[in-house]
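Below you'll find the structure, written out as C-alpha cells, and then a few comments.
The values are calculated or read from the model by the stated rules, or taken from the named source; none is laboratory data. Bear in mind that the values here come from a model prediction, so they are computed numbers and not experimental data. Note that we place each Cβ from the backbone using ideal geometry, even for glycine, and neighbour counts take in every protein chain shown.
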C-alpha cells in the first residue's frame with residue numbers, strides 16, 4: 001500500500017549552520033498511529049514543521065498522499081492538521097471565531113454543524129463564545145486541537161500533545177486520538193513520554209541528533225529488544241558474587257540484598273532454572289523472586305545511550 | 001484560488017476593527033477634527049486663499065492623506081506582526097494558501113479599513129468647511145490606490161519588524177515627517193526655491209498633490225506625474241513582497 005507520507009533523503013541545515021536533520025527516510029502508513037520518540041533537540045519539531053510547510057525543507061523529497069509538499073503544496077497541506085507544541089492563540093478572539101477562521105483558511109466551506117459537533121466532542125461547546133484568554137490551559141490546548149481538526153484532515157500531527165497536561169486531560173486526549181484513528185485519520189505524534197508511545201502507538205520511530213535510528217512496530221520492538229529481568233531478594237546480603245556466579249548478565253544491587261539476572265524472554269532456554277540451582281549449590285538463600293519485562297523506556301534509554309558513542 | 005482562505009483572513013482581520021472600533025476609527029477622526037479646528041478655523045481664518053482655494057478647504061485632501069497613510073501602515077503592519085508575535089502565524093504558513101492569497105487577505109482588510117476611515121474623515125471635514133470634489137472618480141481612484149499601496153508598505157514593515165519598537169519606528173520617524181513636509185498644510189510653491197527642489201524627492205508630495213487635484217483641479221505637480229509616482233511605489237512594494245515570500249524572509253527558516 002502506498003504510504004500516506006513518504007520522506008526520502010530529507011535533510012535540513014538552518015541558516016545558523018545547525019544541522020537539524022541528516023538524511024531522513026521514513027514512510028508513514030495510512031491509518032496508523034506513529035510515535036516519533038526522541039530527546040529534546042533531536043529534530044522532531046523540525047521534521048514536522050517541514051512536512052507542514054512552516055520550515056523550508058533542505059534537500060530531499062516529502063510527499064503527502066502522493067503530493068509533493070513543495071510543488072503540490074495545496075493538495076498536500078489541505079490533508080494535514082497540525083497541533084503545535086506551544087499554545088499559540090488569538091487571545092481576544094472567541095473560540096467559535098478562531099475555529100471558523102481555521103476551517104476557511106484551509107479552503108473548506110463553512111459547516112456550522114460539523115464545527116458544533118467538533119466543539120462538543122472536545123467539551124468546548126459551552127465555551128464557544130468565550131474569549132480564548134479566559135480559558136484554562138487545558139481548554140486552550142483543546143482549542144488548538146479543534147482548530148487542527150476544523151477542516152477534517154486525513155492526517156493529524158500532534159507535537160508533544162500532552163506536555164504539561166494533567167492526567168485526566170491526557171487520558172481524554174488518548175481517547176480522542178483512538179476515536180480519530182477509528183475514523184481512518186492517520187496520526188503522527190511526537191513525545192518524550194515513553195508511556196504515551198507505549199500506550200498509543202502502532203509503530204514507533206526513534207530520532208536522535210537528526211537521524212532516525214529505528215522504526216519498528218511497537219509489538220516487535222518490545223519483543224525484539226524486550227529483555228526480562230529476574231530479581232532475587234536474598235535472605236542475607238552478599239559482599240560480592242561468588243566466583244562461580246561472576247558473569248555479565250548477573251549483578252548485585254541494594255548493598256548485596258538483591259541479585260538481578262537479565263535474560264531473553266523469547267528463548268526457551270531462559271537460564272532461570274540453572275541459576276536457581278546454582279544459588280542452591282552455593283548455599284545462597286533467597287526469600288522472594290520477581291520477574292519483569294523491560295518497558296519501552298528501558299529500551300529507549302538503552303538505544304539512545306548505546307548509540308551515543 | 002483558495003477563496004475561502006482569502007475570505008477567512010479578510011473577515012478575521014476586519015473583525016478586529018469592529019472589536020477595537022474606538023481605537024480604529026474614533027481616534028483618527030478626533031485627531032483630524034482637532035487639525036481642522038486648529039489649522040482650518042483658528043489659523044485658516046487669517047490666511048489668504050491658496051491657488052484660489054480657501055485654506056480650510058485646501059488642507060482637507062492633505063489631512064485625509066495623512067490619516068490614510070498612517071492608518072494603512074499601522075493597520076497592515078499590526079495585522080501581520082501580531083500573528084508573528086503571538087506565534088499563530090504557524091497556521092497561515094501551514095495552510096494551503098498561496099502568498100498572493102495571504103497578501104490579498106491581510107492587505108485587503110487593512111486597505112478596507114483605511115478607505116472607510118478616509119470616507120469618515122471626508123464626511124467629518126464637510127462639517128467644518130465647505131468644498132466640492134471636481135473629479136470624484138479620480139478622487140476615489142487615488143484613495144484606493146494610496147490605501148492599497150501603503151497597506152502593502154505596512155505589511156512589509158510588519159514582516160520586517162522583530163519587535164514592537166521597530167513596528168513604530170518607520171511610521172514615526174519616516175512617514176509622519178514626510179507627510180507633514182509633503183504639503184498637507186501648504187502648497188510647495190510657498191517654500192523657498194531650494195526647498196521646492198528638495199521636496200520633490202519626497203514621494204508623499206506626489207500623493208497629496210494628485211489627491212488635491214481631484215478635489216480642486218489645482219496641483220503642485222502634474223497629475224500624471226502623481227499617478228505615475230503612486231503606481232511606481234505600488235510596484236516597488238509588490239516586488240519587495242514577492243521577494244519576501246520567495247525567500248521566506250523573517251517568516252520561514
Notebook entry, point to check: What is the one condition in (1) closer than 29 Å to residue A:300 by Cα; (2) within 14 Å of another protein chain (Cβ to nearest Cβ); (3) buried (at least 20 other Cβ atoms within 10 Å of the Cβ) that residue A:173 does not satisfy?
Noted result: (2)
Check: In the range A:24-60, how many are closer than 24 Å to residue A:299 by Cα and either outside the structural domain of residue A:197 (by TED's automatic domain parsing) or over 16 Å from the mean Cα position of the chain (by Cα) (or both)?
Finding: 2
Checklist line | Qualifying residues in the range B:239-253 (those that are part of a helix (DSSP H, G or I) and surrounded by 16 or more Cβ atoms within 10 Å (Cβ to Cβ)) - the one nearest to the other protein chains (Cβ to nearest Cβ) | finding: B:245
Note to self: Being within 15 Å of the chain's Cα centre (by Cα) and surrounded by 14 or more Cβ atoms within 10 Å (Cβ to Cβ) is the requirement here; does residue B:206 meet it?
What the structure shows: yes
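For the range A:77-106, enumerate the residues that are part of a loop (DSSP other than H, G, I, E, B), at pLDDT 95 or above and facing chain B (nearest Cβ under 8 Å).
Within the range A:77-106, the first condition is being part of a loop (DSSP other than H, G, I, E, B), and the residues that meet it are A:79, A:84-93, A:106.
Among the residues that remain, those that are also at pLDDT 95 or above are: A:79, A:106.
Selection gives A:106 alone.
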Notebook entry, point to check: Do we find that residue B:221 is at pLDDT below 90, away from chain A (no Cβ under 14 Å) and touching a helix residue (DSSP H, G or I) at 6+ places or on another chain (Cβ under 7 Å) in this structure?
Noted result: yes
Next item on the list: Tell me which residues, restricted to the range B:198-245, are in contact (Cβ under 8 Å) with a residue 60 or more places away in the chain and more than 22 Å from residue B:136 (Cα to Cα).
Entry: B:233, B:237, B:238, B:240, B:241, B:242, B:244, B:245
Check: Could we say that residue A:181 is without any contact (Cβ under 8 Å) to a residue 24 or more places away in the chain and within 16 Å of the chain's Cα centre (by Cα) here?
Finding: no
Check: What residue, of A:240, A:148, A:219, A:201, is within 12 Å of the chain's Cα centre (by Cα) and either surrounded by fewer than 15 Cβ atoms within 10 Å (Cβ to Cβ) or in the same structural domain as residue A:116 (by TED's automatic domain parsing) (or both)?
Finding: A:201
Margin query: Can you confirm whether residue A:59 is under 23 Å from residue A:173 (Cβ atoms) and either touching a strand residue (DSSP E or B) at 6+ places or on another chain (Cβ under 6 Å) or surrounded by fewer than 23 Cβ atoms within 10 Å (Cβ to Cβ) (or both)?
Written below: no
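To keep it simple, each residue is scored yes or no on (1) without any contact (Cβ under 8 Å) to a residue 60 or more places away in the chain; (2) in a helix (DSSP H, G or I); (3) touching a helix residue (DSSP H, G or I) at 6+ places or on another chain (Cβ under 7 Å).
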residue	(1), (2), (3)
B:17	no, yes, yes
B:31	yes, yes, no
B:37	no, yes, no
B:58	no, yes, no
B:67	yes, yes, yes
B:71	yes, yes, yes
B:74	no, yes, yes
B:81	no, yes, yes
Notebook entry, point to check: Can you name the residue in the range B:2-15 that is within 21 Å of residue B:67 (Cα to Cα) and surrounded by fewer than 19 Cβ atoms within 10 Å (Cβ to Cβ) and is also farthest from the other protein chains (Cβ to nearest Cβ) among such residues?
Noted result: B:14
Margin query: Every residue in the range A:107-126 that is outside any loop (DSSP other than H, G, I, E, B) and either surrounded by 15 or more Cβ atoms within 10 Å (Cβ to Cβ) or within 14 Å of chain B (Cβ to nearest Cβ) (or both), please.
Written below: A:114, A:115, A:118, A:119, A:121, A:125
Notebook entry, point to check: So which residues in the range B:90-119 are touching a residue at least 40 places away in the same chain (Cβ under 8 Å), in a helix (DSSP H, G or I) and facing another protein chain (nearest Cβ under 8 Å), if there are any at all?
Noted result: B:92, B:93
Margin query: Of everything in the range A:28-67, what is within 14 Å of chain B (Cβ to nearest Cβ) and part of a loop (DSSP other than H, G, I, E, B)? Give them in sequence order.
Written below: A:43, A:53, A:54, A:55, A:56, A:57, A:58, A:65
